[in-house]
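The structure under discussion appears below in the form of structure tokens.
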Amino acid sequence: MKKLCAFTIAFFPLKFCLILCSLTEPNCFWRIKKIEVYDGDLQNDCGFVLFTLESPIEENFYNHIINFRIPARKYEFFLVMFFATDEINKNPYLLSNMSLIFSFIFGMCEDTMGVLDKAYLHQNNYFDLLNYNCGRKKRCDVKLTGPSWKTSLKLSVNSRAPKIFFGPFNPNLSDHDQFPYIYQIATKDTYLLHGMVSLMFHFEWTWIGLIITDDDQGIQFHSDLREEMQRHAICLAFVIMIPESIKLYNTKFKIYDQQLMTSSAKVTIIYGKMISTLELNFARWTYLVARRIWITTSKLDVITYDKDFSLDFFHGTVIFAHHHNDIATFRNFMQIINTSKYPVDISQSMGQWNHFNCSISKNKKKMDFFMLKNPMEWLTQHTFDMVLSEEGYNLYNAVYAVAHTYHELIFQQVESQEMAKPKGLFTDCQQVASLLKTRVFTNPVGELVNMNHKENQCAKYDIFIIWNFPNGLGLKVKIGSYFPCLQQSQHLHISEDWEWVTGETLVPSSVCSETCTAGFRKSHQKQTANCCFDCVQCQENEIANDTDMEQCVRCPDDSYANLEQTQCLQRAVTFLAYEDPLGMALGCMALSFSAITVLVLVTFVKYRDTPIVKANNRILSYILLISLVFCFLCSLLFIGHPNQATCILQQATFAIFFTVAISTVLAKTITVVTAFKLTTPGRRIRKMMIKVATHLLIPICTLIQLVLCAIWLVTSPPFIDRDIQSEHGKVIIICNKGSVIAFHFVLGYLGSLALGSFTVAFLARNLPDRFNEAKFLTFSMLVFYSVWITFLPVYHSTRGKVMVIVEVFSILASSAGLLGCIFVQKCYVLLVRPDLNVLQK
């Protein structure tokens with residue numbers, strides 16, 4: 001069952017209540033400022049030498065350590081060394097009957113670089129370190145150095161002794177041809193940038209800043225990161241390369257500050273070396289630039305000297321740290337530490353480790369608060385750093401790597417019965433190095449440690465969020481993990497309960513351009529990153545059903561885009577149906593006019609022997625009335641659901657029956673003219689001309705129209721078409737004319753016949769005769785011309801059902817004009833004024 005501690009911090013201007021920390025599986029812990037930035041102490045390296053003794057460790061063996069001033073940052077390394085060697089010495093299966101002891105390299109835990117620089121400045125091949133000699137020696141014990149890689153480089157000069165670097169993995173040390181005796185215990189950051197990009201992709205951060213050190217490692221990281229970001233459509237807002245030289249940096253830092261603070265990117269990646277100008281500047285930037293999310297590695301896990309803070313989930317630093325299990329026995333070791341065996345003031349050192357630089361005064365190291373009568377009492381109430389730093393954990397593994405190597409060497413000594421030298425004394429550095437670099441073992445917390453980095457180690461990362469509080473105190477919370485060995489969808493895991501501190505679940509955005517909502521597409525700006533774009537609304541009948549779509553998708557013809565242009569809706573199929581009010585009205589009109597025409601025809605047949613019917617060629621009148629009946633009825637083909645047959649019959653019947661009607665009118669006008677103008681050579685010739693006009697004119701004119709229609713139907717016949725433009729949300733089924741040219745040829749031919757009829761009738765309008773119908777024929781052609789001349793522009797300016805309605809109305813209007821102008825007056829005489837229907841009148 002988990003132990004939970006609840007405590008209230010009341011010494012800040014703001015109070016924090018009930019912040020819970022798990023002790024057995026710590027997802028959060030308080031952490032204290034560890035780097036003495038304000039005192040200028042950048043020399044934070046330590047060096048240790050591990051060797052074995054056959055006798056147990058004396059109580060006062062480590063008394064010499066108390067004589068040296070140890071910086072607060074390095075107390076962790078000493079405590080780890082005490083703990084690891086004590087744990088190994090109690091293990092009966094590892095270095096049995098032997099004692100593993102250590103000594104720190106003189107000067108490295110005070111002023112590392114200064115001592116080494118001074119030693120090599122005089123080209124010394126021989127200089128003494130405490131309990132260790134770097135010159136010509138018989139012993140070949142393993143050294144542990146870190147966390148700065150440059151220290152290991154300097155120690156490797158003229159030295160064949162194996163060294164384990166426990167700082168962050170550095171490619172510069174992995175060249176075994178150049179550095180054959182330096183080995184790294186830390187895991188490669190092979191998948192670090194993949195984890196960072198996965199985190200950005202998860203939270204939809206697409207506009208990222210990058211700050212790196214200006215060296216080969218930083219440049220390589222930039223190149224690899226850019227390539228990985230491009231796969232996920234993430235862009236770099238800026239790249240700042242921090243020089244290692246503090247003098248060069250001082251000439252450019254204002255430019256860097258301006259570039260960082262003016263950028264719209266809210267997320268910035270920091271990658272570089274620890275104990276460098278980049279780390280110092282990072283601490284300064286986190287203080288100057290508010291509301292920024294920093295993503296970095298554990299080696300840049302620094303706490304700023306903030307005066308205030310905001311307990312906001314994404315207001316701080318996101319840390320990627322190599323996963324390692326909690327060493328629960330380490331905490332127990334600290335609680336029951338044997339002060340007689342380790343005479344250094346552990347309680348005071350732990351207090352300095354936890355409370356160092358917490359005072360507001362940067363020069364004051366004595367604590368003015370947090371201090372109880374017994375410092376250990378305070379430590380039991382507040383967890384100081386429940387999880388070791390990565391360097392501390394690497395050092396722990398390094399001690400075990402050396403122990404396993406020594407164990408194997410002693411085993412080989414015993415097997416070979418090499419008794420010439422004392423047990424546990426190793427003089428062959430090549431043998432020690434060859435065994436050390438191939439060590440593979442499982443440490444006490446169950447994790448596999450492999451010293452051979454050429455093998456692809458699939459490292460798991462823990463992801464932490466850090467809040468920086470006033471006076472150098474910080475809270476570190478685990479929010480997730482990244483494990484590249486799992487399936488692609490399971491690589492990144494973000495905990496669902498990270499909001500337990502603040503209750504906030506809203507994640508801030510870091511984008512160059514705001515997300516294009518559904519219904520809009522991205523329009524990329526010229527000479528800018530792909531993440532910078534404008535949002536443009538989709539065109540008509542196009543949709544974008546997701547955010548940030550590159551292109552809109554056009555809806556199928558049977559669908560249409562909704563008003564928001566986010567989805568395609570099924571169009572309603574419509575046509576000029578009899579159920580529609582207009583369709584019903586036009587249908588009734590066509591049937592009514594047809595019925596009236598039939599009644600007129602019946603009247604004319606009934607009064608066929610009267611002078612007014614006989615005087616105007618009753619056969620032509622019958623033909624004209626019958627053709628008008630079909631002209632009225634052919635308009636019904638335009639109403640109802642179209643099909644291929646009705647589409648063809650619409651135009652064919654309209655053209656043919658109107659041709660018969662107009663040619664009949666032309667024949668009637670010719671009959672009138674020949675009846676009054678052709679007086680010689682006698683009545684015989686006049687009758688012959690009338691018969692020719694009657695019998696030949698109508699068939700010839702109709703035959704010409706039949707030929708035109710045949711050509712039309714063969715070359716490009718009418719077909720069923722779908723009109724999706726006329727009415728929103730509807731698809732209108734109409735008949736497409738096929739060939740527009742053929743349609744106009746048909747209308748042109750009808751117009752020429754009508755023009756001929758109008759001309760002849762107009763010339764005969766004043767001929768003397770009671771029954772002369774030339775005037776009525778002239779008026780009928782005027783009506784016909786008026787209707788169809790008006791039809792053409794109106795027809796071409798409309799679409800859909802309106803176009804069909806216009807054509808039907810023109811057919812009915814022109815047919816009714818012919819019927820009315822020619823036959824109304826005759827029907828009036830026949831039915832109302834029969835007294836006028838006599839030859840004498």
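The values are calculated or read from the model by the stated rules, or taken from the named source; none is laboratory data. What you see is a predicted model, and the numbers here were worked out from it, not measured in a lab. Glycine also receives a Cβ, built like all others from the backbone with ideal geometry; neighbour counts cover every protein chain displayed. Just so you know, the surface numbers come from the protein's heavy atoms only, side chains and all, with ligands and any DNA or RNA stripped out. Shrake-Rupley method; radii C 1.70, N 1.55, O 1.52, S 1.80 Å.
Worth pointing out:
- Amide H to amide H, with H built 1.01 Å from N, GLY480 comes under 5 Å of ILE463, SER495, counting only residues 5 or more places away or on other chains.
- Rolling a 1.4 Å probe across all protein chains gives ARG608 an accessible area of roughly 110 Å².
- Euclidean distance of C-alpha centroids, region 606-633 and region 699-714, integer Å: 25 Å
- Under Karplus coefficients 6.51, -1.76 and 1.60, residue-wise ³J(HN,Hα) of region 189-196 in Hz, glycine/proline x: 8, 4, 10, 4, 5, 5, x, 5
- LEU836-GLN539 pseudo-label distance in nm [points 7 Å out on the Cα-to-Cβ vector]: 6.4 nm
- Nonlocal amide H pairs with ILE240, under 5 Å, H built at 1.01 Å: LEU210, ILE211, ILE212
- Amide H within-cut-off set for TYR578, under 5 Å, with H built and near neighbours excluded: GLY640
- Per-residue ³J(HN,Hα) for region 232-249, Karplus 6.51 cos²θ - 1.76 cosθ + 1.60, θ = phi - 60°, Hz, x for Gly and Pro: 10, 6, 10, 10, 8, 6, 7, 10, 10, 10, 8, x, 6, 6, 5, 5, 5, 5
- Residue-by-residue Karplus 3J(HN,Hα) for region 641-653, coefficients 6.51, -1.76, 1.60, Hz, glycine and proline x: 5, x, 9, 4, 5, 5, 5, 6, 5, 3, 7, 5, 5
- Nearest-0.05 FRET efficiency for HIS524 and VAL239, computed from C-beta distance (R0 25 Å): 0.75
- Rolling a 1.4 Å probe over the protein heavy atoms leaves ILE700 with an accessible area of roughly 90 Å².
- Stretchable slack from CYS588 to GLN412, in nm (0.36 nm times residue separation minus alpha-carbon distance): 51.8 nm
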